[in-house]
1. Remind me, what semi-axes does segment 98-202 give for its equivalent ellipsoid, largest first in whole Å, using sqrt of 5 times each Cα gyration tensor eigenvalue?
2. Relative to the longest principal axis of the chain, what angle (0 to 90°, nearest 10) does the C-alpha long axis of helix 94-106 take?
3. Take the alpha carbon atoms of the chain, find their radius of gyration, then divide it by 2.2 N^0.38 Å using N residues; give the quotient.
4. What are the ³J(HN,Hα) values, in whole Hz, obtained from phi via the Karplus relation 6.51 cos²θ - 1.76 cosθ + 1.60 with θ = phi - 60°, for each residue of segment 122-136 in sequence order, with x given for Gly and Pro?
5. On the principal axes of its Cα set, how long, how wide and how thick is segment 45-116? Give whole Å, largest value first.
6. Can you show me the helix-derived [θ] at 222 nm for the chain, built from DSSP H runs with n ≥ 4 at -39,500 (n - 2.57) apiece and divided by the number of residues, rounded to the nearest 500.
7. Along the Cα→Cβ direction, 7 angstrom out, place labels at I220 and M60. What is the inter-label distance in nm?
8. Might you report the magnitude of the Cβ-based charge dipole of the chain about its Cα centre, with Lys and Arg at +1 and Asp and Glu at -1, to the nearest 20 debye?
Amino acid sequence: MTALAQEQPALVPPVLKKHIGLYDTISQTVTMAYRALLRLRRTPEQWVDVLMMPFIFTFMFAFLFGGAIAGSVADYLPSLIPAIIVQSVVQASILTGTQLREDMDTGVFDRFRSLPIARVAPLAGPLVTDTIRYAVITSLTMLVGLLIGWRPGGGWGILAGALLVIVVTWAVSWIWALLGVTARTTGTVQGIATLIMMPMTFFSNAFVPTSTLPAWLRPIAEWNPLSHLITALRALTNDGVWGTDAWWTLLGAAIIVAIFAPLTTRAYMRRT
């Protein structure tokens, strides 16, 4: 027995990577994005708000407030359509946090945590897939605007503006992802996110000129990050101009990702 045991080769435990490289991280993120895409296909009810919001908000604001604010619906549309796009897409980004909370409650993220994959991949993958919803909302809102008389003159700026909104909203979704990881219930995520976004949307230059606001409220609206995004989108879609607001908006998006992506990943590992 002793001689036989000595002849058998010793078992060498597999060497596990302590760090995941950039290529593997991107590949694993794409895999998780594909998983989220399959989930969207198998749960079509998640598209209800995506398909309805552009029609409801555009018709409601255009025909209710167009005459009172701009004198006519046609004169209000160049200002309104970019605002509706930003409002609808940013509101849709809240779903990122609620879905993440639901996945964590079912235990699927515990399985992801046990796999030898990049820690950020299970979080970043669904966020990448969510950009499809943002693109659909943006396209539908523009289509509705064209049907009721919006005639943008931005040319290439229309596409640049759409990409700007999608990139910025993807960055904002990291905030809701952090909330989804740290909150206890899906309802908490939805309630807190809505409580934040509703005032930010209406205390901005989205639907009325900031010059009409009270003196104490005007600086708040002018410094509102959504005001800069809406102003940048108006300049791009209507005039094809990439202005200062667009650069500031991109810088803000980069700062959000730099801060909230590591915080979300750390909170996810600690929570699970």
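What follows is calculated from the coordinates using simple rules that are stated; it is not laboratory data. No experiment lies behind these values; they were computed from the predicted model shown. Positions of Cβ are backbone-derived with ideal geometry, glycine not excepted, and every protein chain shown enters the neighbour counts.
1. Numbers: eigenvalues 209, 61, 24 Å².
Values for segment 98-202, descending: 32, 17, 11 Å.
2. In the chain, helix 94-106 runs at an angle near 30 degrees to the longest axis.
3. 1.24
4. x, 8, 6, x, x, 5, 5, 5, 4, 5, 5, 5, 5, 5, 5
5. Each principal axis gives a Cα extent; for segment 45-116 these are 60, 22, 14 Å.
6. On the way: 12 runs with 205 residues, N = 272.
Here the helix-only value at 222 nm equals -25500 deg cm²/dmol.
7. Each label point lies 7 Å from its Cα, and together they span 2.2 nm.
8. Numbers: 18 positive and 13 negative charges, 119 e Å.
About 560 debye.
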